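Enquirer: Mind looking over this structure? Questions follow.
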Amino acid sequence: MSRPPTPRWWHRATGYQVWPRSFRDSDGDGVGDIPGIVSRLDHLRDLGIGFIWLSPVYASPMVDAGYDISDYRAIAPEFGTMEDFDRLVAEARARDIGIVMDLVVNHTSDRHEWFRRAREDPGSPEHALYVWRDPAPDGGPPSDLGACFGGSAWTYVPEIGQYYLGYFSPAQPDLNWQNPDLRARIWDMMNWWLDKGIAGFRMDVISLIGKDVDAGRFEEGPDLHPFLREMHRETLAGRDVLTIGESWSVTRETALDYCGRDRDEIDMVFQFNHVKAGWDPEFGKFRPLPFDLARLKRVLFDWQETLSDDGWNALFWSNHDLPRHLSIWGDDGRFRRDCARSMATALHLLRGTPFVYQGEEIGMTNMAFERLDQLRDLETLGHWREQSAAGVSLEDFLAGANRNGRDNARTPVQWDAGPQAGFTEAEPWIEVNPNRVYINAAADRADPDGIFAHYRRLIALRRDLDIVCFGRTIPFLVDHPAIFAYARELDGARLSLVVNFGSDRVAVDLPEGLAAEGRCLIATHAPRHEASGRVELAPWESFAILADPA
């Protein structure tokens, strides 16, 4: 079964992630803001975007770039006001674009009013909203659990003689989801935002909320799915909204526990198996493995199979936590334009909802950081403290950060070739990539065969063609080191895609099963009308052919 029993608006839509701090600065303080987003909504409308995933704009001390929230019902002053937010929702809706909020409820900021009361008074209702433990017999932390961003996950509060859990950092104390009062407060907050007319939620590290701390089970803990079903019942049921859950632990075996049609939990899940497959098993993302196309394809095709009859894929190459994909898996030099277009084709014609990360649609690339003081990311700087203590040189550390650090995705969007790329008239909070001179939206949009134009065509194909939206995916040449090929099939029609995923010319015998001939839907080079026999492909050439039934 290819078509879902009840097609939803987001099946045909393409999402766009806005990371507000680096999107567009409207008031000259060097920080992107909500009015800046409004000023560029026509850019997203022209692209064909159906909804914006808006990274956190809530009040926050910004220790972790807004993922440490101090007030769930207020807007951070550097981003604007609640009136600005309401205008964004209205202006986006006028362009048929929904706003999907980032829901961060595994933890709050340590400056949230709840936590301030929690650490002052162990008898307060707020104390029970967080995860506390008594010291170990030796007076130390309850366990040797390390925080994701470095150091211990436990922080001692001497005034009350207890440790609190900060799984990511001390500035981000974990919420106690076992407490019904906490869940009721979260439901009330979610309904408040939904009543404002937002289009749904992207749920940050949602796989952690059901954790069993004492058993050491954090990811996909025993109460995760009961909590998600309660969330659905109390906030989402009866609303035509989109929910995407982020999980770094989800597997093919657990995916439908989140998004199966009868689960009443969430609509789709961001999984990172294709990302993690390229990391060193021992040292993680800061020591990536050599790129292996066959490995990447196997993961993507496995997930196409897993969610072929139930659930739904969330498709992405880049986001705010990842490096720019052109610089990791592609060619961000001589063949940047063709690489960007072909990588987009390979992803967008799969089954699922594609997500475009800001700047991706114009082919932005990683930044070459040369000094430690250029870096801003909490995770990267925490990793440097640990690595330097272990004797790693700054040169080696920067090589890893330049390849896989999160600051790569967070440099300002390059709107034009000006001194600050049209992002701001002030000194930006993080440096603009010097390649803004030739990589920018103004230049790319002026090219009828540019990256923006190619993305626009792909987004229109998903919106207009059932086979792109709902067709079954059939992989081909899975083990080929340079060719990414698959077909989509629906109601007797077949769409065939072939990509040369590399910077060398490749001759290949295309197997039977791809469309022998048909209508070329999209191509990076000259249109092709056959996908069979022996073909020779230019570097980063791609094409897709539709063969309709007789």
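Enquirer: Which percent, nearest 5, of DSSP beta bridges in the chain are antiparallel?
Expert: Working: 42 of 68 bridges.
Antiparallel: roughly 60 percent of the beta bridges in the chain.
Enquirer: Restrict the search to the range 307-362; then list the trypsin sites (Lys or Arg not before Pro) that DSSP places in a loop and that have at most 16 other Cβ atoms within 10 Å of their Cβ. Don't skip to the answer; put the middle values down first.
Expert: On the way: sites: 324, 334, 336, 337, 341, 351; in loops: 324, 334, 351.
Taking the range 307-362 and a limit of 16 other Cβ atoms within 10 Å, the loop trypsin sites (Lys or Arg not before Pro) found are 334.
Enquirer: I need the phi-derived Karplus couplings for the range 40-50: 6.51 cos²θ - 1.76 cosθ + 1.60, θ = phi - 60°, integer Hz, Gly and Pro marked x.
Expert: 10, 5, 5, 4, 6, 4, 4, 6, x, 5, x
Enquirer: Could you list 285, 276 so that the one with the fewest beta carbons within 10 Å of its beta carbon is first and the one with the most is last? Numbers along the way, then the final one.
Expert: Details: 285 20, 276 13.
Fewest to most other Cβ atoms nearby, the residues stand as 276, 285.
Enquirer: Mind putting a number on the dipole of the range 1-79 about its Cα centre? Charges go on the C-beta only, +1 for Lys and Arg and -1 for Asp and Glu, and I need it in Debye to the nearest 20.
Expert: Working: 8 positive and 10 negative charges, 144 e Å.
Charge dipole of the range 1-79: 680 debye, to the nearest 20.
Enquirer: Using Cα atoms only, what is the angle between the long axis of helix 394-404 and the major principal axis of the chain, expressed in degrees (0 to 90) to the nearest 10?
Expert: On a 0 to 90 degree scale, this one is about 60.
Enquirer: I've got another one for you. Nearest 10 degrees is fine. How inclined is helix 378-389 to the longest principal axis of the chain, computing both from alpha carbons?
Expert: 80
Enquirer: Please sort by residue number the trypsin sites (Lys or Arg not before Pro) in the range 416-506 whose DSSP state is loop and whose Cβ has at most 12 other Cβ atoms within 10 Å. Don't skip to the end; give the middle numbers.
Expert: Values: sites: 436, 445, 456, 457, 462, 463, 472, 488, 494, 505; in loops: 505.
Sparse-neighbourhood loop trypsin sites (Lys or Arg not before Pro): 505.
Enquirer: May I pose another question? Compute the relative contact order of the range 113-165 as a whole-number percentage, counting only Cα pairs closer than 8 Å that sit 6 or more residues apart in sequence. Don't skip to the end; give the middle numbers.
Expert: Values: 77 pairs, mean separation 16.9, N = 53.
Reported relative contact order: 32 percent.
Enquirer: Separation of the range 440-458 and the range 295-350 by C-alpha centroid, Å?
Expert: The range 440-458 and the range 295-350 have Cα centres spaced 19 Å from each other.
Enquirer: Relative contact order (percent) for the chain, with alpha-carbon contacts under 8 angstrom and 6 or more residues of separation?
Expert: This gives 13 percent for the chain.
Enquirer: With runs of 4+ DSSP H residues as the only contributors, calculate the mean residue ellipticity of the chain at 222 nm using -39,500 (n - 2.57) per run, divided by the residue total and rounded to the nearest 500.
Expert: Numbers: 16 runs with 143 residues, N = 550.
Calculated at 222 nm, the ellipticity per residue is -7500 deg cm²/dmol.
Enquirer: To continue, here is another question. What does the highest-first list of 496-503, 263-270 look like by mean Cβ count within 10 Å? Let's see the in-between values first.
Expert: Details: 496-503: 24.9, 263-270: 21.2.
Top to bottom by mean Cβ count within 10 Å: 496-503, 263-270.
Enquirer: Once you sort the root eigenvalues of the Cα gyration tensor of the range 113-165 as a ≥ b ≥ c, which label holds: rounded (a/c under 1.5), prolate (a/b larger than b/c) or oblate (the other case)?
Expert: Details: a/c = 2.47, a/b = 1.49, b/c = 1.66.
Oblate.
Enquirer: Using amide H atoms built 1.01 Å from N in the peptide plane, name the residues 5+ places from residue 247, or on other chains, whose amide H lies under 5 Å from its own.
Expert: The list, which skips near neighbours in sequence, is 270.
Enquirer: Another question, if that's okay. Among the lysines in the chain, how many pairs, 8 or more places apart or on different chains, have alpha carbons under 30 Å apart? Don't skip to the end; give the middle numbers.
Expert: Numbers: 211/276; 211/285; 276/285; 276/297; 285/297.
Lysine pairs satisfying the spacing and distance rule in the chain number 5.
Enquirer: Still on this model: So how strong a dipole does the chain carry about its Cα centre when Lys and Arg Cβ are +1 and Asp and Glu Cβ are -1, to the nearest 20 debye? Display every interim value, and only then the final one.
Expert: Working: 59 positive and 86 negative charges, 293 e Å.
Dipole about the Cα centre, nearest 20: 1400 debye.
Read the figures in this text as sums done on the coordinates, not as results from a lab. Treat the numbers as computed from the prediction; the structure is a model and nothing was measured. Every residue, glycine as well, gets a Cβ built from its backbone with ideal geometry; the counts of neighbours run over all protein chains shown.
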